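Okay, so here's the structure we're looking at.
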Amino acid sequence: MDREVILIGLSHKTAPIEAREQLAIDEFNIVETLRDLCERSVIDEAVIISTCNRVELVASGSDSDRVVHRVFEYLSSLAGVDREWFERYTYVHRGDAAVRHLFKVSSSLDSLVVGEPQIVGQVKNAYDHSRRAGFTGPLLNRAFHHAFHVSKRVRNETAVAQNAVSISYAAVELARKVFGHLEGKRVLVVGAGEMGTLAVRHLLQAGADSVDIANRSQPRAQRLADDLGGVPYGLESLPALMEEADIVITSTGSQRYLIDQPLLKPLIARRKYRPILLIDIAVPRDIDPRCESLQNVYLFDVDDLDKVVQSNMRQRHAEAQKAERIVDEEVSALNRWISTTEAVPTIVLLREKLNEVKEAELERLVRSNRTLSRETVEITERLCNSLINKILHDPTISLREATEDDPAPLIRAVRSLFRLTDDDNDSNTPFSAKTPEPEPGR
Amino acid sequence: MPMLTGVTATAIVFYTATTAFYVSDLFGQFDRGTSLGRFAMWISVLLAAFAAFLTYQVEGVQVFVDTRTVFIGLVLLLSVGYLAVAKADRSLQMLGAFIAPVSAILMSAFLIMQYGEVRVGERITAALVAHIAFATAGLGAFALASCTAALYLLQERMIRERSFGPLFHRLPGLEDLDSLSLKFTIVGFVVFTVALVLGITWAARIDESVLMLRIYLSGGAWLVFAVVLYFRLRSGWRGTQAAWLTLIGTVSATAVLGIYVFT
């Protein structure tokens, strides 16, 4: 029976956090868990992906029912749960479905926030742990490298990971739409709220030039200024600071408007009509909404930022459909590779058999003709090698091509015709050590 | 003649296809729209250039004397100018959604217009040819400034109305658009000023009242841009008002071209 990929797990889609934490496996215990799981030789290869949103075991084995049984048995004893619990919360995918799921996970299509970038790193770490401990073989090596390649394709060919999906990053996106580039832009943060601080950090990362911090409490302003590399001021400096600022982020606990039309209007001409982006994250609001009617003033409150996030989420989900098509393509590509690999042991055996015949015949020739020179024997051997290569060329191609559909009949026929057996040969499995590990990224 | 008609019609088809590609991408319907649009734009430019060559070489039409060559000159200026801008800053690629239809209309005008040599008798001088050439170039720059201004107004509206859909994401930032529109206006203004001076010099010698009227109208269009530039450079005017004034200026300049062609 051929090996296949089996994926057993639970995620935020199937299990509540209580169930996920029950099965969560600590990074330091992963190797030990893998060792226990693989000790009875039911499971040939295994990788455990354990994050806050999912716990999944990707395994390979010849008998998928026994693999599933072994995993359920082991994990239920580990987590102290019964089979019913498993059936309620977990899913089992085999073959194509398992590979497809792995590809979707690594491409962040199965994530809570579709397109989030952390998951591919987490999958890489999980694979790395298992590989270094020796629990992966050619099949999972190939499947995981392929999964990383799919993730890269999805990221490059779709917009699934583009546009902000957090309130703080939405501020950067709006700033980019007002200013185009943020290089050289001056940011003023009013108040020392957490969200505002986070938004400023994102703006600085995106290229904003300098930060001024205006706060009622001078020590807090100083602390934040030290943290962000800015200059602290009191709230009384607000009008002067706003004359210079390009982006103003407010997040104070004030019960009245700190910025209103009478404050802003005289600044417009003094600023030479330079656009100003006001982002009011405070509730109650710090900026009078009527300010937006002023020329070149762009004002957004927390609801507007949320609208940006919601719109981006919708776009990410639309892009995810395109990504699914890439996943399907790559599942087929991996299947083709697996099918082709199934012929390899037979080809190896066939070549070995012909080589054995060659060696035996050459030995017999030398024994029966002692007068043959060394040079003549070498020429004869070269001739034999050339004949073997030529004879095997077409059958090798036929075997590889036939495996793309249904490999079994032709492989069986060749094995039967040439009386090929797997004895004393480590190439008897479809994914032998002779199958090279794929290059990273492919 | 049939060959020129065929090439021109094909160029129009390609400009129309270019428009469709850009617009479909702009509204999030077709992701590869921009790259295909750029490709189609290149083919359109080559076809327009070939049409210009046929007009000059095969048809024997004098460049910048036959008014049709003004249209094809404008098409080439707009298209090549856009391709240069889009190459320098990829975020401005969506300008193609405006440049391509304008080019398609100008090519159509080139196709359907009758032979329209400037009726100036035997008085075709180097100054006249230079005047028309500079006026065409100036109008091309103003058209580019206007397309950019139109894109600015569209993006401004998206932002003000909190319409954060595909259009919002695909259009460039306001300040980038504003600054590009200003650059095109400055270039257009300088070139148009030279055209105006050459035109006045030539018309003064001819002393025909109808020509002086055209010069006054051109002066009016020039004045609109002079006002735009004065406030933009002196007081830092920018944004919506500057964009609208740029559009008005270009409409005035285009109206002058219309009067030149049809009277």
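Just so you know, all these numbers are worked out from the coordinates, no wet-lab data involved. Given the structure is predicted, the values throughout are model-derived calculations rather than measurements. When we count neighbours, we look across all protein chains shown, and the Cβ atoms used for this are built from the backbone with ideal geometry, even at glycine.
Brief remarks on what is shown
- Residue with peak Gaussian network fluctuation, chain A [Cα springs, cutoff 10 Å], from A:Asn369, A:Asn296, A:Asn355: A:Asn369
- Under a Gaussian network description of chain A, with springs only between Cα atoms under 10 Å, the residue in A:Gln321, A:Gln255, A:Gln118 that fluctuates furthest is A:Gln255.
- Exposure proxy order (Cβ contacts within 10 Å, fewest to most) of B:Leu139, B:Leu223: B:Leu223, B:Leu139
- Net charge of the neighbourhood of A:Gly191, taken over other residues with C-beta under 11 Å away and scored Lys/Arg +1, Asp/Glu -1, is -1.
- Over region B:136-197, Cα pairs under 8 Å with separation of 6+ residues give a relative contact order of 56 percent.
- Basic side chains Lys and Arg get +1 at the Cβ, acidic Asp and Glu get -1 at the Cβ, and with that the dipole of chain B about its Cα centre reaches some 420 debye.
- Fraction of antiparallel bridges per DSSP, chain A only, in percent to nearest 5: 45
- Segment A:Asp82..A:Asn335, full-extension length gain: 87.6 nm, with 0.36 nm per residue of separation and the alpha-carbon distance subtracted.
- Relative contact order (%) - chain A, alpha-carbon pairs under 8 angstrom, separation at least six: 14
- FRET efficiency, 1/(1 + (r/R0)^6) with R0 35 Å, evaluated for A:His393 and A:Asn369 via beta carbons: 0.70
- Taking every DSSP bridge with both residues inside region A:164-311, close to 0 percent are antiparallel.
- Backbone phi angles across region A:178-190, fed through the Karplus curve with coefficients 6.51, -1.76 and 1.60 (θ = phi - 60°), yield HN-Hα couplings of 8, 9, x, 10, 9, 4, x, 7, 9, 10, 10, 10, 10 Hz in residue order; Gly and Pro are listed as x.
- Rg and Dmax of region A:215-366, Cα atoms only, in Å: 34.2, 109
- Most positive-pole-ward Cα, B:Leu171, B:Leu54, B:Val85, against dipole of chain B from beta carbon charges: B:Leu171
- Pairs of Cα atoms nearer than 8 Å and 6+ residues apart set the relative contact order; for region A:222-356 it is 18 percent.
- Here each label is just a point 7 Å from Cα along the line to Cβ, and for A:Glu359 and B:Ala84 those points are 7.4 nm apart.
- Residue exposure proxy: A:Ser254, A:Ser130, A:Ser386, B:Ser103, ordered by other Cβ atoms within 10 angstrom of their Cβ from fewest to most, comes out as A:Ser386, A:Ser254, A:Ser130, B:Ser103.
- Considering only GluC sites (Glu not before Pro) in DSSP loops that have at most 14 other Cβ atoms within 10 Å, the longest stretch of chain A without any of them is A:184-403.
- Across the options A:Leu267, A:Trp337, A:Ala24, the greatest Cα extent toward the positive end of the charge dipole of chain A (unit charges at beta carbon of Lys, Arg, Asp, Glu) belongs to A:Leu267.
- Charged side chains reduced to their Cβ positions (Lys and Arg at +1, Asp and Glu at -1) give region A:129-284 a dipole of some 620 debye around its Cα centre.
- Signed unit charges on C-beta, dipole axis of region A:142-199, positive-most listed residue A:Val165, A:Val189, A:Val154: A:Val154
- Virtual spin-label span in nm between A:Leu112 and A:Tyr91, 7 Å along Cα→Cβ: 1.7
- Size check on the protein assembly as shown: the Cα extents along the three principal axes, sorted descending, read 117, 78, 45 Å.
- Neighbour-count ranking [beta-carbon atoms within 10 angstrom, fewest first] of A:Ile247, A:Ile326, B:Ile43, A:Ile276: B:Ile43, A:Ile326, A:Ile276, A:Ile247
- Over all orientations, region A:235-305 has a Cα convex hull whose mean projected area works out to 4.3 square nanometres.
- Cα-only Debye scattering, region A:3-87: base-10 log of I(q)/I(0) at q = 0.22 Å⁻¹: -1.09
- Across chain B, the longest piece that holds none of the GluC sites (Glu not before Pro) lying in DSSP loops with up to 10 other C-beta atoms within 10 Å covers B:1-121.
- Region B:139-236: trypsin sites (Lys or Arg not before Pro) falling in loop per DSSP and having at most 13 other Cβ within 10 Å: B:Arg162
- Helical runs (DSSP H, four residues minimum) scored at -39500 (n - 2.57) apiece and divided by the length of the protein assembly as shown put the mean residue ellipticity at 222 nm at -22000 deg cm²/dmol.
- Charged-residue dipole, Cβ positions (Lys, Arg, Asp, Glu), region A:27-141 about Cα centre, Debye nearest 20: 220
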